[in-house]
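Enquirer: One structure is given below, represented as C-alpha cells, and several questions about it will come after.
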Amino acid sequence: MDAETIYITLKKIITTENLIEESFVPKEGDGTYKPFVFIENCLGIPFPIVPKILEFLKKKFVELRKKKNYEEIDYCTQCILLINGEYITAWNERKKLIKLGYIKPEYDLSLTKLCLTKHPKSSHLWYHRQWILKNYPPLINYNNEFIIIDNAVNRYSTNYFSWNHRIFLLDYMDKENLIEELKAFQNKIYKHISDHAGWNYLLIILKKLVIYPSSNKNTYKKEIQQLLSEHIEFVKKQLMDFPGHETIWYYQRLLSGFIYQNKEILYEHCEKEIQSFYDKEIEFLNKTYLNENNSNAMIIEEKLALQYKLWLFIHHHKNTAKPNYSTLKTEIENYQMMSDDKSINYLLDIISNIQNFKINV
Amino acid sequence: MSEIKVEQFPVKLETEKHLKYLKELNNHQDELEYWLTEALRLNGIYWGVTAACILKHPEIYDFKEMTKFILSCQNEDGGFGGCTDHDSHLLYTLSAIQVLVICDTLSEVDKDKVVEYVSKLQNPDGSFSGDEWGEVDTRFSYCALSCLKMLHRLDAVDVPKAVEYIKKCMNFDGGFGSIESAESHSGQIFCCVGALAIVDRLDVVDADKLGWWLAERQLPNGGLNGRPEKLEDVCYSWWVLSSLSIIDRIHWINKEKLINFILSCQDADTGGFSDRPGDMVDVFHTLFGVTGLSLLGYPNLDKIDPVYCMPVSAIERLNIKTRTYNQI
C-alpha cells in the first residue's frame, strides 16, 4: 500500500472516530481501516509501515508549511504526532495554528491526552499541554489533569515530566486546594512508595503552603504547625509500614532540611522547638534502628538511619554544641565491619571534612 | 590511584565492534528507529562522532560531509533544528556547535547569528527557554552556556542571572532539578554542575552534600541509577560520574565495579552499548558507555572532558580551560 493511501486512511480515522488510546502493533490489520488496527476506539499503528509513512509525512509537512495550507497542516501534524510524540516542529506548528484561531485549544488537550497513551515520556508533548493551559487558564480542570497524570504514571512510573506537570498545577491552587491536595495525596502515597518524585511532590505542597500569603498570620501559623506535626508523624508511620525504602529516608532528609530552613516561619519559639524536633528524631533513630537489642531492623535500614543521623548532625550543627561526630564515626565503622558493606566510606570522608573544618556547616 | 588494566576484567572493551556499529548507523534508512529519531538527528550525530573520537577512530566519519549536513540544519533565526526543515531549538544548536568544534569547521558557520539566537532565549529571571515557545529547563541553561563558551561569547548573556536561576533549582539534597521545585535528577545535575563549571561558579555547589547523593546512586551490581530506587542505566555512568568528577568526589564510588557493569552492557555481536545487559543497543548509550570508561581511566581511550562531554583535544583547540579533574 502506498504512503498516500495510508495517510488518507489515518486522516479518515482521526476525523470520524473517537480515539481513546493508541499504540504500535507488530502486524498490519485487514479491517475497514487497513493497514491500521482499530478495536474499541483504540488505534494500532503497525511497525512495518512506520518508516514509509514518516518519510512521506515529513515531505508533505514541509510542502504544506511553505504553502501555508492550514487545514491540511492540522491533519498532517496530527498524523505525525500520533506516531512520533517527540516531533517538536509539529507541536510548534500546532501552537501557531492555535494562536491564529485555526485550532481550538480544547482540541489539543484531547490530542495530547491521546498521544500520552503512546508517548508518556515525551517532554515536548507535556510542554504542549502546559503551554495551552498557561495561555488559556480557564481550561485548567484539576481532576482532568490528575487523571491524565495518573494514567501516565501507571504506564511509566517515576515519570519525571508527569510529576512536574502536577507541580505546575499547584501554582494555580489556593490555600484550601493545597491543604486538600496534601491530605489526599498523603492518603495515596502508598501507591507511589518507591517513587521519589511523589515524595518530592509532598514537600512542594508544604513549601507552597508555608509561603502562602495570609491575612491572619498567627492563626495561619498554628494551622501550618498542626499540619506539619501530623505530617512528620505520617512519614514515620510510612517508615514503619514500608521498611527498607530508600525513598522515604530521602524524604526524611528533604523534610528536615525544609524544617531547618523555615524554622523561623514555622515555629514561635524557634530555638527550643527545633531542638525538640532534633531530639525526637535522634531518639527515634537510636531506639528503632540503631539499637543492638532491636533485631527487627534490616541491615539496609541501619545504613539509611546512619545516613539520616549524620544529615541531622550537619543541619543541627549551627544550633547547639557540636554533635558528637566521633561516636557516629564509630557507629558507621561498626556497621561496615558487621555488614561487610564498604559503600558508605564517603560518610567517613564527610565527617573528617567537618572535623577538619573543611566545610562550612 | 592504581592504574586500571584491561586484564582486571572478565570482559574486554569490543572497540572494533563498536566502531563498526557507529560507522553503519547511517545505513539503516529503511528502519523504524531511523525515522523515529529523525527529529533529533543532530544529537545522534554528536553522540556518534564523540564516541568515535574517544575510541580513537574519528576517521570512520567524513567530517566534510558531516559539516555540510550540520550547516544545512541552521535556520534563518540562527539556531539549528534537529534535522533539515525542523525548527530551531537549543538542544540541537548545542549539538551542532559541538560537532563543528570536533570537526574543526567552526569557521564555516555564521557565529554572530548563533550567538544572537542563543542570547535571545534568556529570560529575565536568568533561565533559558529551549526555543521561542518558552519551555524552561536547566538543560537549556547548560546548552546556552556551553554553546556561548565555545564561541567565546559568554558576554552576550547575563551570567550572574543565569547562575541565580540554577541556584533556585537546587534542592535540599544538594542536587538539581529541571526547574524550581522539580525533583533532583542526575541528568539535570550534570547540566547544572556543568553550567556552573563553565562560568566558574562551582562555589554555588555544596560538594559534600551533592557528592553524597551522587555516591548513593551506585547499586550493589556496580551500575549507577539516576534517582533513588530506580534501575541502573549506562547513561548514568556519565551523568553521575562526570558530576562527581567536576566536584572532585569521583573516589566515592567503586570504579572497578562500575567498569564491570559498563562492560557488561556491550553487545559483543553487533557492537554498541545498551542501558542494561541484554537490552537493545543505541548510539546514546554507546556514547555514555565509552565516555564513562574514559573518565574511569580504562586503557586505550582518548580523554573526555567531564564538563563539555567532548574530547579533551577538541576543547584544548578552542583555548578553553579544560578541567580533566581527577581522571586516573
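Enquirer: Under a 5 Å amide H to amide H cut-off, with H placed in plane at 1.01 Å, what residues pair with B:Asp305 once short-range neighbours are removed?
Expert: Under 5 Å from the amide H of B:Asp305: B:Met310, B:Val312.
Enquirer: Right, another one. Helix A:105-116 versus the longest principal axis of chain A: what is the Cα-based angle in degrees, 0 to 90, to the nearest 10?
Expert: On a 0 to 90 degree scale, this one is about 70.
Enquirer: Send over a whole-number figure in Å² for the accessible area per residue of the stretch B:249-295, probe 1.4 Å.
Expert: Working: 1530 Å² over 47 residues.
On a per-residue basis, 33 Å².
Enquirer: Between A:Phe284 and B:Leu231, what's the calculated FRET efficiency when r is the beta-carbon distance and R0 is 30 Å? Round to 0.05. Mind showing how you got there, number by number?
Expert: Details: r = 31 Å, r/R0 = 1.02.
For R0 = 30 Å, the calculated efficiency reads 0.45.
Enquirer: Provide the FRET efficiency to the nearest 0.05 for the B:Asp112-B:Lys68 pair, computing r from the beta carbons and using R0 = 22 Å.
Expert: Details: r = 21 Å, r/R0 = 0.95.
The calculated FRET efficiency here is 0.60.
Enquirer: Once Lys and Arg get +1 and Asp and Glu get -1 on their Cβ, which of B:Ile70, A:Leu328, B:His57 lies farthest toward the positive end of the dipole of the protein assembly as shown?
Expert: Positive-end residue among those listed: A:Leu328.
Enquirer: Now a separate question. Along the positive direction of the dipole of chain A (beta-carbon charges: Lys, Arg +1; Asp, Glu -1; about the Cα centre), which of A:Ser157, A:Leu57, A:Tyr102 reaches farthest?
Expert: A:Tyr102
Enquirer: Shifting gears a bit: All other residues with a Cβ under 15 Å from the Cβ of A:Asn296 taken together, and with Lys, Arg as +1 and Asp, Glu as -1, what is their net charge? Let's see the in-between values first.
Expert: Numbers: positive: A:Lys287; negative: A:Asp241, A:Glu292, A:Glu301, A:Glu302.
Within the 15 Å Cβ shell, the charges total -3.
Enquirer: Quick one: work out Rg over Rh on the C-alpha atoms of the stretch B:160-318, Rh as Kirkwood radius. Walk me through the intermediate numbers first.
Expert: Numbers: Rg = 15.3 Å, Rh = 15.8 Å.
With Rg and the Kirkwood Rh in hand, the quotient comes to 0.97.
Enquirer: Filter the cross-link list A:Lys60/A:Lys104; A:Lys263/B:Lys161; A:Lys303/A:Lys329; A:Lys175/A:Lys208; A:Lys104/A:Lys134 down to pairs whose alpha-carbon distance in this structure exceeds 18 Å.
Expert: On the way: A:Lys60/A:Lys104 23 Å; A:Lys263/B:Lys161 28 Å; A:Lys303/A:Lys329 13 Å; A:Lys175/A:Lys208 9 Å; A:Lys104/A:Lys134 15 Å.
Cα-Cα > 18 Å for A:Lys60/A:Lys104; A:Lys263/B:Lys161; rest within.
Enquirer: How charged is the neighbourhood of A:Leu64? Take every other residue with its Cβ under 10 Å from the Cβ of A:Leu64, and add Lys/Arg as +1 and Asp/Glu as -1. Don't skip to the end; give the middle numbers.
Expert: Details: positive: A:Lys59, A:Lys60, A:Arg65, A:Lys66, A:Lys67, A:Lys68; negative: A:Glu63, A:Glu71, A:Glu72, A:Asp74, A:Glu93.
Result for the local shell: +1.
Enquirer: Using Stokes-Einstein with the Kirkwood hydrodynamic radius over Cα pairs, what translational diffusion coefficient do you get for the stretch B:6-327 at 10 °C and a viscosity of 1.306 mPa s, in µm²/s rounded to a whole number? Walk me through the numbers before you get to the answer.
Expert: Working: Rh = 19.7 Å.
Roughly 81 µm²/s, to the nearest whole number.
Enquirer: To continue, here is another question. Between B:Phe63, B:Phe176, B:Phe190, which gets the highest mean-square fluctuation from a Gaussian network model of chain B, Cα cutoff 10 Å?
Expert: Highest fluctuation among the options: B:Phe63.
Enquirer: Something else about it: Rounding to the nearest 20 debye, state how big the charge dipole of the stretch A:1-84 is about its Cα centre with +1 on each Lys and Arg Cβ and -1 on each Asp and Glu Cβ. Kindly include the intermediate steps, with their values, before the conclusion.
Expert: Details: 12 positive and 13 negative charges, 98 e Å.
For the stretch A:1-84, the charge dipole is close to 480 debye.
Enquirer: Whose amide H sits under 5 Å from the amide H of A:Leu43, counting only residues 5 or more places off or on another chain, with H placed in the peptide plane?
Expert: When sequence neighbours closer than 5 places are left aside, the close amide H contacts are A:Ile20, A:Glu21, A:Glu22, A:Ser23.
Enquirer: Okay, moving on. About its Cα centre, how strong a charge dipole does the protein assembly as shown have in debye, to the nearest 20, once Lys and Arg get +1 and Asp and Glu get -1 at the Cβ?
Expert: On the way: 78 positive and 95 negative charges, 202 e Å.
Taking the Cα centre of the protein assembly as shown as origin, the dipole is about 960 debye.
Enquirer: Something else now. With charges set only on the Cβ (+1 for Lys and Arg, -1 for Asp and Glu), what does the dipole of chain B come to about its Cα centre, in debye to the nearest 20? Numbers along the way, then the final one.
Expert: Numbers: 31 positive and 50 negative charges, 212 e Å.
With only Lys, Arg, Asp and Glu charged at Cβ, the dipole is about 1020 debye.
Enquirer: In addition: Counting only protein heavy atoms and using a 1.4 Å probe, what share of the accessible area of the protein assembly as shown belongs to carbon plus sulfur, as a whole percent? List each step's numbers first, then the result.
Expert: Details: 14250 of 28700 Å².
On the protein assembly as shown, the fraction of accessible area on carbon and sulfur atoms equals 50 percent.
Enquirer: Which residues of the stretch B:165-209 bury at least 30 Å² of accessible area once all protein chains are present, versus their chain alone (1.4 Å probe)?
Expert: B:Phe172, B:Asp173, B:Ser181, B:Glu183, B:Asp208, B:Lys209
Enquirer: Here's another thing I want to ask about it. So, in Å, what gap is there between the alpha-carbon centers of the stretch A:36-60 and the stretch A:296-356?
Expert: Cα centres, the stretch A:36-60 to the stretch A:296-356: 56 Å.
Enquirer: Right, something else. Based solely on its DSSP helices, what 222 nm [θ] is calculated for chain A when runs of n ≥ 4 H residues each add -39,500 (n - 2.57) and the sum is averaged over all residues, nearest 500 deg cm²/dmol?
Expert: Per the formula, -22000 deg cm²/dmol.
Enquirer: Taking accessible area as the heavy-atom solvent-accessible surface of the protein chains with a 1.4 Å probe, which residues of the stretch A:142-159 lose no less than 30 Å² upon going from the isolated chain to the full protein assembly?
Expert: Buried by 30 Å² or more upon assembly, which counts only protein chains, are A:Thr158.
Enquirer: Mean separation of Cα pairs under 8 Å and 6+ residues apart, divided by the residue count of chain B: what relative contact order is that in percent? Before the final figure, lay out the partial values.
Expert: Details: 569 pairs, mean separation 59.7, N = 328.
Once normalised by length, the contact order is 18 percent.
Enquirer: Counting pairs of alpha carbon atoms under 8 Å apart in space and at least six apart in sequence, what relative contact order in percent does chain A give? Present the calculation step by step, with values, prior to reporting the outcome.
Expert: Values: 316 pairs, mean separation 29.9, N = 361.
Result for chain A is 8 percent.
Enquirer: Each residue of the stretch B:18-35 in turn: what ³J(HN,Hα) in whole Hz from Karplus with 6.51, -1.76, 1.60 and θ = phi - 60°, glycine and Pro shown as x?
Expert: 5, 5, 5, 4, 5, 5, 8, 3, 7, 8, 10, 6, 9, 9, 3, 4, 4, 7
Enquirer: Whole angstrom only: what separates the Cα centroid of the stretch A:180-224 from the Cα centroid of the stretch A:3-20?
Expert: 44 Å
Enquirer: Which FRET efficiency value, to the nearest 0.05, is calculated for A:Lys329 and A:Ile39 with the Förster distance at 45 angstrom and r the Cβ-Cβ distance? Working shown, then result.
Expert: Values: r = 63 Å, r/R0 = 1.41.
Efficiency computed from Cβ-Cβ geometry: 0.10.
Enquirer: May I ask you to give the solvent-accessible area per residue for the stretch A:10-102, in square angstrom, as obtained with a 1.4 angstrom probe? If you can, show how the numbers build up before the last one.
Expert: Details: 4370 Å² over 93 residues.
With all protein chains present, the stretch A:10-102 gives 47 Å² per residue.
Enquirer: Among B:His18, B:Ser146, B:Leu106, whose Cα sits farthest toward the positive end of the charge dipole of the protein assembly as shown (+1 at Cβ of Lys/Arg, -1 at Cβ of Asp/Glu, about the Cα centre)?
Expert: So the residue we want is B:Ser146.
Enquirer: Can you list the HN-Hα couplings for the stretch A:7-19, worked out from phi with the Karplus curve (6.51, -1.76, 1.60; θ = phi - 60°), rounded to whole Hz and with x for Gly and Pro?
Expert: Working through the residues one at a time gives 4, 4, 5, 5, 4, 5, 4, 4, 7, 9, 9, 9, 7 Hz.
Enquirer: What number, rounded to the nearest 500 deg cm²/dmol, is the helix-based mean residue ellipticity at 222 nm of chain B, given -39500 (n - 2.57) per DSSP H run of at least four residues and division by all its residues? Walk me through the numbers before you get to the answer.
Expert: Values: 14 runs with 149 residues, N = 328.
For chain B, the value works out to -13500 deg cm²/dmol.
Enquirer: Any idea how far apart A:Gln275 and A:Glu223 come out in nm if each label point goes 7 Å out from Cα toward Cβ?
Expert: 3.1 nm
Enquirer: In nm, give the distance between the simple-model label positions of B:Glu33 and A:Phe146, each being 7 Å from the Cα along the Cα-to-Cβ direction.
Expert: So the two model labels end up 4.1 nm from each other.
Enquirer: While we're here: Calculate how steeply helix A:50-67 sits against the longest principal axis of the alpha-carbon atoms of chain A, using the helix alpha-carbon long axis, and give the answer as 0 to 90 degrees to the nearest 10.
Expert: 80 degrees
Enquirer: I've got another one for you. Using protein heavy atoms only (no ligands, DNA or RNA), what is the total accessible area buried between A and B, 1.4 Å probe, nearest 100 Å²? The partial results should precede the final answer.
Expert: Values: alone 18940 and 14290 Å², together 28700 Å².
Counting both chains, the buried surface is close to 4500 Å².
The values are calculated or read from the model by the stated rules, or taken from the named source; none is laboratory data. From a predicted model like this one, the values you see are computed outputs, not experimental measurements. Glycine gets a Cβ as well: all are built from the backbone with ideal geometry, and neighbour counts include every protein chain shown. Protein only, heavy atoms only, side chains kept; ligands, DNA and RNA dropped before computing areas. Shrake-Rupley method; radii C 1.70, N 1.55, O 1.52, S 1.80 Å.
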